[in-house]
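Below: one structure, written as structure tokens.
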Amino acid sequence: MRDRWIFLLIVGVLAVGPFVQREVIATEILIFAVVALANNLILGYTGMLSFGQATFFGVGAYAAGLLTIHAGLPLPVVLAAATVLATGLAVLIGAVCVQRIGLYFIMLTFAFNQMFYFIAYSWTTLTGGEDGLPGVRRPAALADDLTFYVLVALLFLACLLLMKRVVDSPWGRVFRAIRDNEARAAAVGHDVRRYKLLSFTISAAFTGFAGALYSLLYGIVPIDAIHWLRSGDIVFMTLIGGSGHFFGPIIGAAFFIWLSETVSVVWDRWPMILGVVFALVVLFLRGGVVELIRRGHGLVTARGGAATAP
Amino acid sequence: MSALLEVRDVSKSFGAVAAVAGVSLAVTEGRLHSIIGPNGAGKTTLFNCITGEVQPTAGRILYDGRDITGLPPHALPALGIARSFQRTSIFPTLTVAENVWVSAYARRETRGGPVLVPADRVEGVGETVRAALAEVGLAAHAERPAAVLAHGDQRLLDFAIALAARPRLLLLDEPTAGLSRQETQRVIAYIGTLKGRYTIVLIEHKMDVVMTLSDRVSVMYFGRLLAEGTPPEIRGDARVREAYLGKRA
């Protein structure tokens, strides 16, 4: 019931989004909202911190870019192919990473990210290396930024509903059980590594899909798309928004992209603000912005209750 | 009566230390079989060999005639083996009902079915959850987060999680460890009600708990099996008195 209201609120915000922000920024926010939501499937729901989400974002972006430039395939095929590629890669990388837990899991995801970054960096004939991969053209019908925004908004809603469905499903509940108590989840009969791999792969699929949309947004795949700093940004977005709540990462992504795209124009040391915000969140607001909303709501209801009391 | 669980000459060494050295025992179907011994006797290591947490260095473990040595922990519930943990092991942020659901679903999962449906609508799991919660008397707390339950209630939830797997064999690792006297009484009374309905292996070091509940008792001492028998036999055994009960006997 509550989720339904939040969902309606999101639809409302999507409708006014391009009128309060430039279309491209609003679009970028939605793309990273998908990425942060997907990251929360593993971080918030399954309890796995990955520093390698940019691997799948970058691979999705490069795949979509290359297929558009060289093969000239129609958009749905490009998006599907990029997603499938990122998903397949996640099965392979994930199968190795889930063999380890905690710090070692994090380091493995990070190592694979570095590896794919250097592949992209050195294979200049394919990826353009440091200069990025330019010339990714959107189909004529989507050339207009507002039209592209509408498409991304619809795809964002589809991803949102699909991910909500995953977390409410038996899989989602087993993910949470593993996050809470891995040994017990195994003792009652769940193959924990298989479930972790499942969570990792679903997350990567959405991340790769978002990467594909990103390449079409600016018409270029910058090398940053696959850099490990990007992986760090994705973790920041998720935590600032709030990893304990399904919708939380959307707020984090919006805040992060808005800050990087608007404040960076005025002040190029903008990451300092981000650092301060992140430190404050970690110190005082573990649940992220969602926790702030929750506390605010609690305060209002408490006051309301006091007022009606005799 | 046949043995449901058989431990054959099992040893487990950690480096040069032999935690378990050549232990054999047979648990008869429908009985409550306790394994006792002072701290460091190797009870928990033996228990972990049975549950698949550690691999025995030598020996076999047979369940219902089948060799289960070295199977991973997650493979056992499907065979009908469930366990509880020495330190209460639940899913704290999940609700009480969800805790039990996770176990009931593991059993159901193997049969396949649609996956992207709301978890509570998976057929045949809800009834198991309700039955398990009613059995331990936690039905009224079903929708509360498990973390807020009292310590004794959490221990009962731990049992409910094990029971929801509909096991034949129940492995209980020091179920009264860390509980107050009152909570201990409650848990013992509860284990009494399970007797006869399940085959139970109970690891304990509290003598009184074991003597009132058990059909059969195995005593471990320094990694070896010192004696085995009915509670009165064990109580009368001079070696056990000397080794385990010490000066108190």
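Computed over chain B with a Gaussian network model linking Cα atoms closer than 10 Å, the most mobile of B:Pro231, B:Pro92, B:Pro77 is B:Pro92.
Cβ crowding within 10 Å ranks A:Thr147, A:Thr109 as A:Thr147, A:Thr109, fewest other Cβ atoms first. Remark: relative contact order (chain A) = 33 percent; criterion is Cα-Cα distance under 8 angstrom and separation of 6 or more residues. Net charge around A:Tyr218, counting only other residues with Cβ within less than 15 Å of its Cβ (Lys, Arg = +1; Asp, Glu = -1)? In short, -3.
A crude spin-label estimate for the pair B:Val148 and B:Phe14, with each label 7 Å from Cα along the Cβ direction, gives 3.9 nm. The B:Arg166 and A:Leu103 beta-carbon pair, evaluated with R₀ = 41 Å, returns a calculated FRET efficiency of approximately 0.60.
For A:Lys164, the lysines whose Cα falls under 29 Å of its own Cα, not counting residues fewer than eight places away in the same chain, are A:Lys196.
For chain A, what percent of Cα pairs sit more than 29 Å apart?
36
Each of A:Thr68, A:Leu108, A:Thr147 was placed along the dipole of region A:2-227 (beta-carbon charges, centred on the mean Cα), and the one lying farthest toward the positive end is A:Leu108.
Between A:Phe19 and A:Leu283, residue separation times 0.36 nm minus the direct Cα-Cα distance comes to 91.5 nm. Per-residue extension of 0.36 nm, minus the Cα-Cα distance of A:Ala158 and A:Glu130, leaves a gain of 6.7 nm for this segment. Panel order for B:Lys43, B:Lys12, by other beta carbons found within 10 Å of each beta carbon, from fewest to most: B:Lys12, B:Lys43.
Across the protein assembly as shown, counting alpha-carbon atoms alone, Rg and Dmax equal 28.3, 93 Å. Distance from the Cα centroid of region A:66-122 to that of region A:228-288 is 24 Å (rounded to whole angstrom). Find how many whole Å separate the alpha carbon centroid of region A:145-173 from the alpha carbon centroid of region B:153-170. Region B:153-170 and region A:145-173 have Cα centres spaced 38 Å from each other. Rank A:Ala153, A:Ala225, A:Ala183 by mean-square fluctuation in a GNM of chain A with C-alpha springs under 10 angstrom and give only the top-ranked residue. Evaluated over chain A, the most mobile residue of the options is A:Ala183. Straight-line cross-link reach from B:Lys12 at under 19 Å between alpha-carbon atoms covers these aspartates and glutamates, not counting any fewer than eight positions away in the same chain: B:Glu53, B:Asp67, B:Asp173. Volume per residue of the convex hull around the Cα atoms, evaluated for region A:82-235, comes out as 121 Å³. Evaluate the Debye formula for region B:81-166 with equal point scatterers sitting on the alpha carbons, no solvent, and hand back log10 of I(q)/I(0) at q = 0.13, 0.17, 0.23, 0.24 Å⁻¹, in q order, two decimals. Treating every Cα as an identical point scatterer, log10 I(q)/I(0) equals -0.37, -0.62, -1.08, -1.16.
Loop-resident trypsin sites (Lys or Arg not before Pro) (DSSP state other than H, G, I, E or B) in region A:241-298 with no more than 14 further Cβ atoms inside 10 Å of their Cβ: A:Arg269, A:Arg286. Going from the residue with the fewest nearby Cβ atoms within 10 Å to the one with the most, A:Leu14, B:Leu32 rank A:Leu14, B:Leu32. Rg over Rh for region A:103-151 works out to 1.24, using Cα positions for both radii and the Kirkwood form for Rh. Which residue fluctuates most in the GNM of chain B (Cα springs below 10 Å): B:Ser218, B:Ser13, B:Ser34? Evaluated over chain B, the most mobile residue of the options is B:Ser13.
For region B:40-115, what D do you get in µm² per second when you plug the Kirkwood radius from alpha-carbon pairs into Stokes-Einstein at 4 °C and 1.567 mPa s?
It comes out at roughly 90 µm²/s.
Sorted from greatest to least, the principal axis extents spanned by the alpha carbons of chain B come out as 58, 39, 37 Å. Dimensions of region A:22-116 from C-alpha coordinates, computed as largest minus smallest value along each principal axis and given longest first, are 41, 30, 20 Å. Each stretch of four or more DSSP H residues adds -39500 (n - 2.57); spread over every residue of the protein assembly as shown, this sum gives -17500 deg cm²/dmol at 222 nm.
Here, each number is a calculation from the coordinates, and none is a lab measurement. Remember, it's a predicted structure, so these values are computed and weren't measured experimentally. When we count neighbours, we look across all protein chains shown, and the Cβ atoms used for this are built from the backbone with ideal geometry, even at glycine.
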